[in-house]
Amino acid sequence: MYHAHAQSVSGFVMDAETGEVLPGVTIRNQFVVDSTGEDISFAARNAEIISTTDMDGYFSMQIKPGLQLLVFSFIGYESMLVPLNGDTLSAQLLQIRLMSNMSEMDPVVISGSLYEKRLSEESVSMVVVSQRIIEQTNATSLSDVLLKAPGVYMMDEQANIRGGTGFTYGAGSRVMLVVDDQILLAADRGDAKWNFVPLELVQQVEVIKGASSVLYGSSALNGVIAVRTAWPTAKPQTTVQVYHTRIDKPSLAEATWWDHAPTQSGIQFSHLQKFDKMDLVLGGNVQEHASHLLGQYSSRARMTWKTRFHPEQANGISWGVNGNLMSDREGLFFLWEDADSGGYKPFQGYLDTVTSTLLNWQYAWLTIDPWLNYFDDKGNMHYFKMRYYGSDVIYSDSTDGDAWLLNLDYQYKRSFSRGGVFTAGAQGYYFDVDDYDVGQHAGISAGVFAQIEKEIWHRLNLNLGVREEFYKLDTTAGAAVPIFKTGLNYAAGRLTNIRLSFGQGYRFPSLVERFANSKLGALSIFPNPDLLPEYGWNTELGVMRNIRRDNFYGYVDVAVYLTEYFDMTEFTFNFYPGLGPGFKSLNNSRARIGGLEVTLKGESEVFGNTLSWLGGYNYIYPANITGDSSNLDMATFAGNFLEGFSASSSDSSFLASVLTYRFRHMARMNMQYEMKRWSFGFDVNYYSLMENLDAIYISFIPGIVEYREGHMQGDWIVDGRVGYKLTDDMQLRFLVKNVSNRMYALRPAKYDPPRSFTLQWSVNL
């Protein structure tokens, strides 16, 4: 046998187009012929990753003598084969340039498994909304962006995925918000502040549909909204965007309460730049929003920054401090006066005598996020993150409150030589709240988790995960029993993937749900300190088919799913004995939701120009098992599921057993046509009638019955836009939302905006 000393080889790996260094690139030795002529197949000899690039894209490794082939591979890039002769190596740095093969049709996602993989390879349903759609539609808040994702809708700024959430008025969330891998839910309300997300820096938004508590803990019961913001590339980039919106008169002229049309204006900027050993990201946003609803408005300003340091002397280490600061003044509208001429005026029964609105809040929000990543030379990856999230609020009656939390997060990842990734971590936060509405409270939430993904058979990947969670509020402590997730993804062909998944979830109630005691004039929000945590599970079978034919590229995704909830919390309106009329959070439902979803995404060449689209259709049968226990029988439930697909909204006997505040049918489509310097686009959204409401809500609120009678067939909403590139770096757009000027209310007793006109100008400097 031939014996020789190993040789050292080092170099950098970068993006071939931008020159950006690529951390985490894996390097394998695929095949060797040693100096004696003996073949050595490392695949047959349990070959492993021999090196991984650090945060500077740098690698250094030892290789055996002889002819060999190094394989450089990275998600989103074409693998590169580099032949080397270990006998004749000279001391030089290799420059490896990888070509990107990323596509919006099968993008790289991270949130589904906490590491980079293709969307088609995921075992859970996900959809990605790109930065391009955000800019095209002049989205001014993350809540606007979510309305582009099939199967998702917003109700009073509460995200709802596949009917998993009813009406909670922002008190707690079953959907976890994650920004750059860190949770962003408020300590007091347990809700997501969509306006606080730096939309001007967003690269893409990933929506996970279904219980995801194993990876993300409490509040991921219904899914996860994961936002990824951008880092600089080799070339500095500065973008400025300005817009102005004018709201038209409603179709019912007598409902117009204003003399001068309400307007909305805003400006935002972003700057991304790489320095020698530092990356810098800056973003800012200022907006003034006057609403079509009397007394509702928003005036806010936000500043965001990100830093990334990777000093030369700290091999494999990068670190930084990110932050986000926002000031916001807002007035909130709750219920209409009636469904006709008073549709955009507040119900006098709850009108604040000073401000003529439900609430007039002044907010200040702040996050400070130190972080550190360490990639060692053995292929181990360590991620340390910390977040301080604080908020202060002054209410319209001059009472105030403050809340803060301190979050600590550690994740470990390891890729194995024969494929497979192991991920584990620990996450916890301490929170402290002193608020006029909920009182003084403090507590801890902490959890540990582990997940492994491995190919168990040819083209069949298995994902397994487990989590244990601990929660303490004041002097009361509790723990969630270990919860599990499992998933399979089978590559049935070059363009077809079949997935099957099961995941458990849970949610501890927010402080507002348990302790809030607020007056809304004649109405109230009552506390419920005995509110229990809710929990559940989700399972689904899905097929994703990529289509690549000539000038057509896209995918069709079809999924059927089943979700169960126990001790489900609902924001319930009633006349409570000894208290009066108002809302209270109650554990009043066990629910079973079955659904079918179809997602379409694609791009094609039409008349020599590019047409792109993202849309889909979602049907659910949201059975209230507490109200109709016959749905416990799966055969009965399956029959009702099929019957519900075509049941009329007027079939009150059938629909009485469904959960409140849900849409049975939803459909949406976003399309964009690019023609040289011109672009044309439209959005179409359909919502069927929200068939079941709290009975007392219908009888108490004026105009509900009349409104529902006029909207039995649901609502079609169409938006349109046209754009023109003044130069290669400057764009002008004109947008019309609610083209038909339809009067519709996705949340009962609160009209959505009438037709509006927007002029948007953006420039890349």
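Coordinate-derived values only; no laboratory data. Just so it is clear, the structure is predicted and the values come from calculations on it, not from any experiment. Glycine gets a Cβ as well: all are built from the backbone with ideal geometry, and neighbour counts include every protein chain shown.
A P(r) calculated from all alpha carbon pairs of region 108-226, with 10 Å bins opening at zero, reads 14, 50, 33, 3 percent. By other beta-carbon atoms within 10 Å, ranking Y490, Y751 with the fewest at the front produces Y490, Y751. What Kirkwood hydrodynamic radius, in Å, does the chain give when the mean of 1/r is taken over all pairs of distinct Cα atoms and then inverted? Radius from the Kirkwood sum: 27.8 Å.
Calculate, in nm to one decimal, what W231 and I444 gain on full extension: separation in residues at 0.36 nm each, minus their alpha carbon distance.
Between W231 and I444, full extension yields an extra 73.4 nm.
From least to most packed, judged by other beta carbons within 10 angstrom and beginning with the fewest, M690, M634 follow the order M634, M690.
With helices as the sole contributors, the chain gives -1500 deg cm²/dmol at 222 nm; each DSSP H run of n ≥ 4 counts as -39500 (n - 2.57), and the sum is divided by every residue.
Counting neighbouring beta carbons within 10 Å and listing from fewest to most, the residues S398, S212, S688 come out as S398, S688, S212.
What the phi angles of region 676-683 give under the Karplus curve with 6.51, -1.76 and 1.60, with θ = phi - 60°, is a coupling list of 6, 8, 9, 9, 9, x, 8, 10 Hz, glycine and proline written as x.
Largest first, the three principal axis extents of the alpha carbons in region 638-765 are 60, 36, 24 Å in whole numbers. Approximating the spin labels as points 7 Å out from Cα along Cα→Cβ, the I698-to-V556 distance works out to 3.8 nm.
For region 105-150, a/c is not less than 1.5, where a ≥ b ≥ c are the root eigenvalues of the C-alpha gyration tensor, and a/b tops b/c. That puts it in the prolate class. Once both labels are positioned 7 Å from their Cα atoms along Cα-to-Cβ, the gap between H260 and T18 label points is 4.4 nm.
In this label model, L642 and F654 are separated by 1.3 nm, measuring between points 7 Å along each Cα→Cβ vector.
Each peptide in 402-410, 291-299 gets a packing score, the mean of other Cβ atoms within 10 Å over its residues, and the list from highest to lowest is 291-299, 402-410. Region 129-144 and region 419-488 have Cα centres lying 30 Å from one another.
Phi angles across region 431-444 convert, under the Karplus curve 6.51 cos²θ - 1.76 cosθ + 1.60 with θ = phi - 60°, into 3J(HN,Hα) values of 10, 9, 10, 9, 9, 4, 6, 10, x, 9, 8, 8, x, 9 Hz, Gly and Pro given as x.
Once the Cα-Cα distance is subtracted from the 0.36 nm per residue extended length, the D144 to R246 segment shows a gain of 35.0 nm. Compared with the alpha-carbon gap, the fully stretched path from V286 to M675 is longer by 136.8 nm at 0.36 nm per residue.
When only Cα pairs under 8 Å and 6 or more residues apart are kept, what is the percent relative contact order across region 283-347? Contact order relative to length: 32 percent.
Beta bridges per DSSP, both residues in the chain: antiparallel share near 95 percent.
Can you give me the C-alpha center-to-center distance between region 221-288 and region 634-666, rounded to a whole angstrom? Using only Cα atoms to place each centre, the spacing works out to 39 Å. Take the Cα of N380, go 7 Å toward its beta carbon, and the backbone nitrogen atoms of region 411-449 under 15 Å from that spot belong to 411-416, 422-426.
Mean separation of Cα pairs under 8 Å and 6 or more residues apart, divided by the residue count, gives the chain a relative contact order of 10 percent.
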